[in-house]
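**Q** First the structure, then my questions, so here it is.
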Amino acid sequence: MVYVRLEREWTDGDGDGHSPGDMIDVDAATLAKLQAAGIVGGEGPDWPGPTGGGGGGSTTNWPGST
């Protein structure tokens, strides 16, 4: 699982709505779908990484799944 911040509103598979700025746990497949749809970040130098460290999308400071 990866902890990410939503850039846009999203309704998960259980029908629960999430607002922009919400932090959620998602699996890798869901993360890929959300990134492709532009619902979560992950591109560009301002993205802090999956847990807020590393910068530029790097997982250097990321110890693993959260």
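Every number in this text was worked out from the coordinates using simple rules, so none of it is lab data. What you are looking at is a predicted structure, and each value in this text was computed from that prediction instead of being measured. Here the Cβ positions follow ideal geometry from the backbone for every residue, glycine too, while neighbour counts run over all protein chains shown.
**Q** May I ask you to sort Thr11, Thr30 by Cβ crowding, counting other Cβ atoms within 10 Å and putting the fewest first?
**A** Thr11, Thr30
**Q** Something else now. For a quick check: with amide H placed at 1.01 Å from N, whose amide H comes under 5 Å from Glu7's, ignoring anything fewer than 5 positions away on the same chain?
**A** Those lying under 5 Å, H to H, from Glu7 are Gly21, Val40, Gly41.
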